[in-house]
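The values are calculated or read from the model by the stated rules, or taken from the named source; none is laboratory data. Please read all numbers here as calculations on a predicted model, not as lab measurements. Ideal geometry is used to build each Cβ from the backbone, glycine not excepted, and the neighbour counts take in all protein chains shown.
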Amino acid sequence: MCYRYSVPGPDLLVKRFSASFSEKTSFKRQYHVSSFDLPKLPVITNENLKQIQLFTWGLIPFWVKDMKTAGEMRLKTMNARAESIYEKPSFRHAAEQKHCLILADGFFEWQEYHGKNYPYYIRLKDHEPFAMAGLWDTWVDKATSEELRTYTVITTKANILMEKIHNKKKRMPVILRRENEEEWLRASLKKETAQSLLSPYDEQEMEAFTISRLITSKQRNPNVPEVLLPFMYPELQTKAGQKNLF
């Protein structure tokens with residue numbers, strides 16, 4: 001699954017994705033964002049490949065009738081399983097018509113060991129920004145005429161690295177290879193080709209390390225540089241193969 005990730009600042013995003021923000025924005029580097037805070041984060045949609053827009057995490061399908069249902073729905077649509085996006089009513093329309101790139105430079109996951117969960121930060125070895133595959137939609141609240149643009153992160157089965165870390169669910173976000181980003185946004189993309197892009201990323205190009213429990217602190221704001229610092233847990237250092245993750 002993927003409920004937390006980090007996002008570079010605007011300058012890096014503009015440079016990496018050769019796109020500009022759709023309007024003046026106060027968006028800043030995000031060291032840690034959680035889906036449950038319903039944040040507005042940068043995406044590039046198949047409607048405009050040269051524009052970076054801020055959409056809210058948690059997909060609300062266009063056909064949802066009211067705000068109450070929308071609020072309940074979005075808590076269940078933070079992620080979409082690659083294997084079923086063309087079958088599930090919540091995602092089917094978006095899977096057929098509304099693809100997006102979700103811009104990030106790392107994500108967070110937990111490893112279970114002896115009944116305890118340990119947080120990890122995962123990124124590409126070159127530390128470059130990357131795009132996760134996503135779906136988006138536009139929903140209009142009929143009571144207020146307010147328009148909401150929302151998205152979901154597509155997940156797939158874990159690669160070898162992520163199997164060791166996310167060792168209960170064994171899932172990971174779909175990280176698109178750079179050469180496949182425009183294809184994911186192509187209007188004529190067929191279902192079979194789309195699903196072939198939703199595969200686990202090469203673990204040889206990724207790295208991961210444990211971080212402190214600041215990420216879940218209720219006393220401190222976790223959206224600070226310190227949340228990304230490596231933190232060693234002695235009990236994990238004796239675990240077979242643990243050092244291979246660093």
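For the range 48-61, name all the residues that are under 22 Å from Lys15 (Cβ atoms), surrounded by fewer than 21 Cβ atoms within 10 Å (Cβ to Cβ) and either under 16 Å from the mean Cα position of the chain (by Cα) or not polar (S, T, N, Q) (or both).
Leu49, Lys50, Leu54 - these are the residues of the range 48-61 that are under 22 Å from Lys15 (Cβ atoms), surrounded by fewer than 21 Cβ atoms within 10 Å (Cβ to Cβ) and either under 16 Å from the mean Cα position of the chain (by Cα) or not polar (S, T, N, Q) (or both).
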Q: Quick one: count up the residues across the range 1-12 that are modelled with pLDDT of 95 or more and within 18 Å of Val153 (Cα to Cα).
A: 6
Q: Could you please find all residues in the range 167-208 being of a type in the set (Asp, Glu), under 17 Å from Thr155 (Cβ atoms) and in contact with a helix residue (DSSP H, G or I) (Cβ under 7 Å, 6 or more places away or on another chain)?
A: Glu203
Q) If a residue has to be surrounded by fewer than 20 Cβ atoms within 10 Å (Cβ to Cβ) and of a type outside the set (A, V, I, L, M) to count, how many in the range 140-158 make the cut? A) 8
Q | Single match in Thr210, Thr193 (criterion: within 22 Å of Phe108 (Cα to Cα) and of a type outside the set (D, E, K, R)) | A | Thr210
Q) Quick one: in the range 158-202, which of the residues that are in contact with a Pro (Cβ under 7 Å, 6 or more places away or on another chain) and without any contact (Cβ under 8 Å) to a residue 60 or more places away in the chain is nearest to Val64 (Cα to Cα)? A) Ala158
Q) modelled with pLDDT under 95 and either assigned to a strand (DSSP E or B) or farther than 16 Å from Ala80 by Cβ (or both): does that describe Thr150? A) no
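State all residues of the range 232-242 that are out of contact with any Phe, Trp or Tyr (no Cβ under 8 Å at 6 or more places or on another chain) and part of a loop (DSSP other than H, G, I, E, B); if no residue qualifies, say none.
Matches in the range 232-242: Met232, Thr238, Ala240, Gly241.
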Q: Select the helices (runs of 4 or more DSSP H) contained entirely in the range 156-229, then report the ones holding at least 2 residues which are in contact with an Asp or Glu (Cβ under 9 Å, 6 or more places away or on another chain) and under 16 Å from Glu83 (Cβ atoms).
A: 191-197
Q.
Of the residues Leu41, Leu54, Leu59, Leu101, only one is in a strand (DSSP E or B), out of contact with any Cys (no Cβ under 9 Å at 6 or more places or on another chain) and within 25 Å of Thr193 (Cα to Cα); which?
A. Leu101
